Amino acid sequence: MAAYDRTTTNAITAPTVIGTTAAPALSATTRDSLGKWLTAGAVTSGAMAATYFAFSAFVMPMLGRKDDAGFVDSMQRINVVIENPVFFAAFFGAMLAPAVAWWKLRKRGGDRTLLKWTAAAFALYTAGVLTTSGINVPLNEMLASKGDANPSGVRADFETTWNVWNGVRAVLSTAAFVCAVKAVRLHRRVTAFRRAGQ
């Protein structure tokens, strides 16, 4: 009877979260560190999603009204100005933060559902980075090197393709942001249940 009571009590008081899988409890220090990395991933991926959306919704339609020389000159100037520490911190931080969080979860045996959402945020944003480095950046470089000599020809090769793939990376970054926010919320729920069970 005593053994039954202990088993029943443990089953009731053990911290569980609906929609997550059982995992060993993380230390308070690890939980706090993990929460910071997850939050950083959500903030930076959200910032990048907003940047790409702004280009699709406002910047490129405005530049589209310019003549060829004006379009090329404006886009060249934007490409120079946007390469600054704040942009690069968000651009690379949105990939680094979920990667570090995933590594910490994997190393410490964290919640597997949280691990999956974190991995999804990393994978989706990384796909956007590959799109940027493989398509948008080479187009920017072409614009910088050939735009002044042949603005109409370069614009024809640049504008539509760049806009389409900017839209793709905007969608990927937005999806990464959604996954990162989900991971943050799930981490807070798991942490609250862990603390309640202590």
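Restricting attention to region 161-191, the residues that are over 26 Å from Ser56 (Cβ atoms), of a type in the set (D, E, K, R) and surrounded by 17 or more Cβ atoms within 10 Å (Cβ to Cβ) add up to 0. Cβ-Cβ distances below 7 Å connect the following pairs, each with a first residue in region 57-85 that is farther than 15 Å from Leu139 by Cβ, a second residue that is small (Gly, Ala, Ser), and a separation of six or more residues or different chains: Lys66/Ser74; Asp68/Ser152. Cβ separations smaller than 8 Å between residues 6+ apart or across chains give the following pairs from region 154-182 residues that are closer than 19 Å to Gly70 by Cβ to residues that are hydroxyl-bearing (Ser, Thr, Tyr) and assigned to a helix (DSSP H, G or I): Asn163/Ser56. Criterion applied to Val129, Val100 was being open to solvent by less than 70 Å² (accessible area, probe 1.4 Å), at pLDDT 95 or above and more than 16 Å from Ser173 (Cβ to Cβ), and the one residue passing it is Val100.
For the structure I just gave you, tell me whether Leu139 is more than 30 Å from Thr160 (Cβ to Cβ), open to solvent by less than 30 Å² (accessible area, probe 1.4 Å) and in contact with a helix residue (DSSP H, G or I) (Cβ under 6 Å, 6 or more places away or on another chain). So Leu139 does not fit the description; no.
In the condition set (1) open to solvent by 30 Å² or more (accessible area, probe 1.4 Å); (2) modelled with pLDDT under 95; (3) within 19 Å of the chain's Cα centre (by Cα), Arg108 is compliant with all but (3).
Take the conditions (1) open to solvent by 20 Å² or more (accessible area, probe 1.4 Å); (2) in a helix (DSSP H, G or I); Asp148 misses just one of them, which is (2).
If you check Thr51, Thr20 for being modelled with pLDDT under 60, of a type in the set (Val, Ile, Thr) and open to solvent by less than 50 Å² (accessible area, probe 1.4 Å), only one passes: Thr20. Of the helices (runs of 4 or more DSSP H) entirely within region 42-117, those holding at least 1 residues that are small (Gly, Ala, Ser) occupy 68-81, 85-108.
The values are calculated or read from the model by the stated rules, or taken from the named source; none is laboratory data. Everything numeric here is computed off the predicted structure, so don't read it as measured data. A quick note on method: Cβ atoms are made from the backbone with ideal geometry, for glycine too, and the neighbour counts reach across all protein chains shown. The protein model used for the area step is the full one, side chains on, heavy atoms only, and it has no ligands, DNA or RNA in it. Shrake-Rupley method; radii C 1.70, N 1.55, O 1.52, S 1.80 Å.
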